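> Could you have a look at this structure, given as structure tokens, before my questions?
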Amino acid sequence: MDLREAAETLGVHYQTAYAWVRDGTLPARKVGRDYEVSDDGVQALVARRRQGHEPPRPIHVRDWAAQAQALYAAITGGEETRARHQIQRLASGVPIIDLCEQVLAPALRRVGDEWTAGRVSIAQEHRASAICERILAAQTRQPAGRPRGTAVVATPPGERHALPALMAAACLREDRWLVHHLASDLPTGEVARLADQVGASLAVLSSATDEGAQRAQEGTRFIAAGRPGLNVLAGRSGDSLRDLLAQAGTRRRQAGDLARDHERA
């Protein structure tokens with residue numbers, strides 16, 4: 001059944017069912033722009049809810065800008081506990097991808113803008129980034145269910161901004177990819193070598209600067225050369241994490257279709 005039918009069977013709003021798919025509570029398979037859910041999976045969740053094991057309800061955020069502003073104030077002031085509590089509260093009912101795109105990224109973008117204007121010091125900028133790295137890493141979980149595939153995520157050589165790759169890794173993991181996150185400033189050859197070792201079907205090089213974006217593009221060409229079964233994506237500042245997930249899913253399906261064509265031949 002599709003996700004809308006599953007939501008009706010479960011007696012919840014579509015967005016609630018969607019949130020359960022995103023966090024792994026309700027196993028599903030993405031088909032085009034929708035999700036396909038097995039009858040057994042829906043009935044198993046129905047049974048758990050009858051026994052009192054109710055999944056967390058999604059949180060409906062009315063003002064994302066206010067949330068980003070609150071996080072900005074906390075991380076620029078060095079108030080890590082305050083920032084952690086805010087993200088923990090939101091993470092109990094908001095997908096990681098929304099936390100990244102609606103709260104973390106805008107707050108960090110403003111930190112960068114204020115640093116450029118001379119109103120935030122280098123030390124404050126580094127402290128803010130380090131706080132966000134620790135908070136996001138603490139919220140990252142591998143959902144239940146069969147992984148979509150194996151991914152390797154890193155930054156290109158010389159790119160020391162670690163957060164873009166960490167956000168990409170967190171969102172891919174939430175989307176049920178088995179992710180090997182290699183952090184920042186890694187030689188492209190090492191990324192390619194590990195992708196071979198773990199049998200990855202996806203590699204992502206994330207960057208936060210124009211120079212890093214150029215190196216990421218060069219790195220994707222290097223990694224992809226001679227590896228026809230490996231999909232390699234380059235992310236740059238301003239790119240949507242949702243677009244990353246869409247591209248990863250589309251190319252995964254294309255690779256699967258190609259493999260089936262070879263089998264038929």
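The values are calculated or read from the model by the stated rules, or taken from the named source; none is laboratory data. The shown structure was predicted, so the numbers you read here are calculated from the model rather than taken from an experiment. Heads up, the Cβs are rebuilt from the backbone with ideal geometry, glycines too, and the neighbour counts pull from every protein chain shown. What goes into the accessible areas is simple: the full protein's heavy atoms, side chains included, and nothing from ligands, DNA or RNA. Shrake-Rupley method; radii C 1.70, N 1.55, O 1.52, S 1.80 Å.
> Please go through the range 61-95 and pick out each residue that is of a type in the set (S, T, N, Q), open to solvent by 50 Å² or more (accessible area, probe 1.4 Å) and outside any loop (DSSP other than H, G, I, E, B). I'd like the intermediate steps shown before the answer.
Initially, the range 61-95 is screened for residues of a type in the set (S, T, N, Q), giving 67, 69, 76, 81, 86, 88, 92.
Filter again for open to solvent by 50 Å² or more (accessible area, probe 1.4 Å), leaving 69, 81, 88, 92.
Gln69, Thr81, Gln88 - these are the residues of the range 61-95 that are of a type in the set (S, T, N, Q), open to solvent by 50 Å² or more (accessible area, probe 1.4 Å) and outside any loop (DSSP other than H, G, I, E, B).
> Given the conditions (1) buried (at least 19 other Cβ atoms within 10 Å of the Cβ); (2) more than 19 Å from the chain's Cα centre (by Cα), and given that Gln197 satisfies all but one, which numbered condition is not satisfied?
Just one mismatch for Gln197, condition (1).
> A further question on this structure: Are there any pairs with C-beta distances below 6 angstrom linking a residue in the range 96-117 that is crowded, with 22+ Cβ neighbours inside 10 Å to a residue that is in a helix (DSSP H, G or I) and among the polar types (S, T, N, Q), with the two at least 6 apart or on different chains, and if so which?
Short answer, once both residue conditions are applied: Val103/Gln67.
> Just checking, how many residues over the range 17-37 are part of a loop (DSSP other than H, G, I, E, B), in contact with a helix residue (DSSP H, G or I) (Cβ under 6 Å, 6 or more places away or on another chain) and either of a type in the set (A, V, I, L, M) or over 23 Å from Gly93 (Cβ atoms) (or both)? Can you show your working first?
Residues of the range 17-37 that are part of a loop (DSSP other than H, G, I, E, B), as a first pass: 23-28, 32-33, 37.
Still in the list and also in contact with a helix residue (DSSP H, G or I) (Cβ under 6 Å, 6 or more places away or on another chain): 26-28, 37.
Filter once more, so that each one left must be either of a type in the set (A, V, I, L, M) or over 23 Å from Gly93 (Cβ atoms) (or both): 26, 28, 37.
The number of residues fulfilling the criteria is 3.
> So in the range 200-237, with the set limited to residues that are out of contact with any Lys or Arg (no Cβ under 9 Å at 6 or more places or on another chain), open to solvent by 50 Å² or more (accessible area, probe 1.4 Å) and assigned to a loop (DSSP other than H, G, I, E, B), which one is farthest from Thr150 (Cα to Cα)?
Arg236
> Given the conditions (1) touching a residue at least 40 places away in the same chain (Cβ under 8 Å); (2) surrounded by fewer than 24 Cβ atoms within 10 Å (Cβ to Cβ); (3) outside any loop (DSSP other than H, G, I, E, B), report the number of the one that Arg176 does not fulfil.
Of everything listed in (1) touching a residue at least 40 places away in the same chain (Cβ under 8 Å); (2) surrounded by fewer than 24 Cβ atoms within 10 Å (Cβ to Cβ); (3) outside any loop (DSSP other than H, G, I, E, B), Arg176 misses just condition (3).
> Still on this model: Report yes if Ala234 is free of Cβ contacts under 8 Å to residues at least 24 places away in the same chain and touching a strand residue (DSSP E or B) at 6+ places or on another chain (Cβ under 7 Å), otherwise no.
Values: free of Cβ contacts under 8 Å to residues at least 24 places away in the same chain: no; touching a strand residue (DSSP E or B) at 6+ places or on another chain (Cβ under 7 Å): yes.
When the stated conditions are applied, Ala234 does not pass them.
> Testing Glu125 on (1) assigned to a helix (DSSP H, G or I); (2) at pLDDT below 95, one condition comes back false. Which one is that?
(2)
Okay, residues lined up against (1) of a type in the set (A, V, I, L, M, F, W, C); (2) in contact (Cβ under 8 Å) with a residue 24 or more places away in the chain; (3) surrounded by 15 or more Cβ atoms within 10 Å (Cβ to Cβ):
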| position | (1), (2), (3) |
| --- | --- |
| Leu3 | yes, yes, yes |
| Val12 | yes, no, yes |
| Gln15 | no, yes, no |
| Ala19 | yes, yes, yes |
| Tyr35 | no, yes, yes |
| Val46 | yes, yes, no |
| Arg50 | no, no, no |
